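Have a look at the structure below, then the notes.
The values are calculated or read from the model by the stated rules, or taken from the named source; none is laboratory data. Everything quoted here is computed from the prediction, not taken from an experiment. Cβ sites come from the backbone with ideal geometry, for glycine too, and all protein chains shown count toward neighbours.
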Amino acid sequence: MITNKEVFAKRKEGAIDEAYKLALELMAAPQVDDWDRKAFGWCLIDLIKRDVKHGSTENLPHYRMQLESIEFDPSDDVLTKGIRNALSLCNPFGKQISEAKALSKNGRHAEAATIYRKVWANGAADQEIQTSFGWELYKQAKELMAGENVNLGAVKRNLSDYLKLDLDKPSVLHSCVLQLAAKLAGQDKLGMLAFSRQWNFKYLRPDDFERYRAEDGKEYPSLAEKVIQHAGKEAAASEHAEEQAYMLPFIDLAIERFQDNVFLKLNKAKVLLALGRHDEALAFGIAVTKAKSNDYWAWGLLGEIVSQKDPEAAYACYCKALTCPAEVKFTGKIRLKIAQRMLEVNDYAAAKHEVEAILQSKEQEGHKVPESIAEMAAQAWFTETQAKTSNRDYYRAHAAAAEALLFDDLPWIDANVGDTFVVPGKDGKKDKTKRRVFLRTSSIPTEISIPDAKLGRMKLAAGDAVRVKGEFDEDQRFNFFVLESRHAETPWDIAPELLGVVNQVNEDKQAIRYIVSREINGEIPMSALPCAFAEGDAIEVQLVRYVSKRGPQHRVLAVKASEKVPGDLLRKDFTEPVRVSNGMGFTPSEIFIPPPLVERCEIEDGQQVSGTAVQVYNKKRESWGWKAVSIQPS
């Protein structure tokens, strides 16, 4: 009786035809097991490889039919791969396919792609061959893009050919191709909207939505985030409602996943606006403008959204836009709208200022002057009018209505202004002057910082009372919107006076340490004190909370001596015997008496003493305890 071991032995000897005959008899037996089928399969694989190598193709269809009819164990990866390769060799272009695979292994992807392209063009590429072709197209395109002089036509041809293939999706290959397309789109060398419609965003994998975090902790957008944002931007600028409607569900999907990405919301607002869905667009326009309230384009967008239903509010938004820092070359369209409105009310001097600003910018940039601007400049009023030197006050006067539109639903928060400080500019950028602002909370005020320019012409000293509108984002960063003065009887009125104790006086550092509680304590330079303090003295401080690299910290705004009596958790009197060791004193209740105090008061071991102790933090032990600050004469 023939066994599969005999078949494998003949194969090992190189007697492939004999092994095949034995395998046929084996498969004709009443009982056939997995190893019998494996033996037969490997014989067929050997025969196919041999005949393809020698150019003998007449038996290949028969071998292929036999190989495809066998039910193999799918968990046998080696056999499965062998069958897959053998079946591809049965293709009329089997020899060329084999050559393409060899070229691919040697990194010669352009040559491999050329061969696969011929096989595909002749209709002889099944899904597996098309997948191999897809990988070669991707690898060749990637190599081309890494070169100095990119052959953009060849890259686009590869991407175009890839999109025509019949492949399994989603897949790693499909996402890799999208990554290449995203890179080209980021360089304005490919339209992501058109590409994505063929690629189909429904094939995005969960991995494509994962953001990348670098070793330095910086986070970068995910592939899905980048491509949807780019395609959404193109859809917003499109004139085809069908393209805009196509993108909306994908923009929604990305917004749900990446709520901190304001540009996704910007694209949604613009797409909704283009579709005429103004009420829906307004909600996203407001969200964008709140997040980008210092950017002219955000206010311009909001103005465009409300322009059909409320022209006055739109005009206010355009004026608000021009209070934001921006070069004239970017604000020309907004200035034109404002100039047209000024002419309607015969405010020629203000209108000429806007027109001249646009003309000067176009001349400097070497750009053509818009026809509407040229017509204004050619009219008699323009020649006869002396332009205003600035419209800043005009913008501010009209901007209040825009701020009301955006911030009416937000409550005013009482605050005090602090000092100014400078943030050094990086990479050649200018230094930024900032102003500290302290917000009232239910406990200790919170410190934020805003551009000093936001105060405009307001002359405010540290401690002056103001009120602000703003809100905290998902990362608990405060987005500041509006600030105005308010009346207060005293400076720093938002900061409660907290009673504490001086628990250390450091003459060397010229500073004292105070404690209000174990959570609220810190250091104050002696130069900031209104008088001298001794350890154990009661002290009242007004504080604010801020966050630094070391975590939450407290900054002292004001300080004064106090006649109030601190609680026993901060300062207490004691009468206890003292154990003296190495010049240091210790009581049964673990009150520490420093050596200078032991020496000055001539305390002896076992002596009963009375004194006052305060709470201190022991850095070495990382624990709180008591330290005596005075001893009463016995």
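Within region 402-449, if we keep just the residues that are under 28 Å from Phe284 (Cβ atoms) and modelled with pLDDT under 90, the residue that is surrounded by the most Cβ atoms within 10 Å (Cβ to Cβ) turns out to be Leu406.
Matching residues to (1) within 34 Å of the chain's Cα centre (by Cα); (2) assigned to a loop (DSSP other than H, G, I, E, B):
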| residue | (1), (2) |
| --- | --- |
| Ile305 | yes, no |
| Glu312 | no, no |
| Tyr318 | yes, no |
| Lys329 | yes, no |
| Arg341 | no, no |
| Ala350 | no, no |
| Ile358 | no, no |
| Lys368 | no, yes |
| Ile373 | no, no |
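For Ala146, the requirement of being over 30 Å from Trp35 (Cα atoms), touching a Leu at 6+ places or on another chain (Cβ under 6 Å), modelled with pLDDT under 95 and surrounded by fewer than 20 Cβ atoms within 10 Å (Cβ to Cβ) is not met. Within region 575-634, take every residue that is within 20 Å of Asn521 (Cα to Cα) and of a type in the set (Gly, Ala, Ser) and give me the one that is surrounded by the fewest Cβ atoms within 10 Å (Cβ to Cβ). Residue satisfying both the conditions and the ranking: Ser623.
Residues that are assigned by TED's automatic domain parsing to the domain that holds Lys434 and of a type in the set (Phe, Trp, Tyr), at least 3 per element: which strands (runs of 3 or more DSSP E) completely within region 460-566 meet that?
478-485
Between Gly191, Gly285, Gly232, the distinction of being more than 18 Å from the chain's Cα centre (by Cα) and within 30 Å of Val306 (Cβ to Cβ) belongs to Gly285 only. The C-beta contact set for region 415-432 (first residue within 22 Å of Ala461 (Cα to Cα) and in contact (Cβ under 8 Å) with a residue 12 or more places away in the chain, second residue among the polar types (S, T, N, Q) and assigned to a strand (DSSP E or B), distance under 8 angstrom, 6+ apart or interchain) comprises Thr420/Thr433; Phe421/Thr433; Phe421/Ser449; Val422/Thr433.
Among residues of region 343-358 that are of a type in the set (Phe, Trp, Tyr), those with a Cβ under 7 angstrom from a residue that is at pLDDT below 95 and not in a loop (DSSP other than H, G, I, E, B), sequence gap 6+ or separate chain, pair up as Tyr348/Trp381. You will find that of Arg518, Arg513, Arg467, the residue that is more than 18 Å from Pro552 (Cα to Cα) and in contact with a strand residue (DSSP E or B) (Cβ under 9 Å, 6 or more places away or on another chain) is Arg467 and no other. Checked against (1) farther than 13 Å from Gln542 by Cβ; (2) in contact (Cβ under 8 Å) with a residue 60 or more places away in the chain; (3) of a type in the set (A, V, I, L, M), Ala532 meets all criteria but (2).
Residues considered: Lys320, Lys309, Lys333, Lys290. Of these, the only one that is surrounded by fewer than 15 Cβ atoms within 10 Å (Cβ to Cβ), closer than 28 Å to Gln259 by Cβ and not hydrophobic (A, V, I, L, M, F, W, C) is Lys309. When each of Ala558, Ala534, Ala511 is tested for being surrounded by fewer than 16 Cβ atoms within 10 Å (Cβ to Cβ) and at negative phi, the lone residue that passes is Ala534. Kindly establish whether Ala399 is of a type outside the set (D, E, K, R), assigned to a helix (DSSP H, G or I) and within 17 Å of Pro325 (Cα to Cα). So Ala399 fits the description; yes.
Among the numbered conditions (1) under 21 Å from Lys226 (Cβ atoms); (2) over 34 Å from the mean Cα position of the chain (by Cα), the only one that Ala146 does not meet is (2).
Cβ-Cβ distances below 9 Å connect no pair with a first residue in region 295-306 that is within 15 Å of Asn479 (Cβ to Cβ) and among the polar types (S, T, N, Q), a second residue that is modelled with pLDDT of 95 or more and in a helix (DSSP H, G or I), and a separation of six or more residues or different chains.
Among the conditions (1) small (Gly, Ala, Ser); (2) over 35 Å from the mean Cα position of the chain (by Cα); (3) under 10 Å from Asn416 (Cβ atoms), Gly500 misses just one, which is (3). Among the residues of this structure, Asn391 counts as one that is surrounded by 12 or more Cβ atoms within 10 Å (Cβ to Cβ) and polar (S, T, N, Q). Within the option set Ala86, Ala125, being under 20 Å from Gly41 (Cα atoms) and modelled with pLDDT under 85 holds for one residue only, Ala86.
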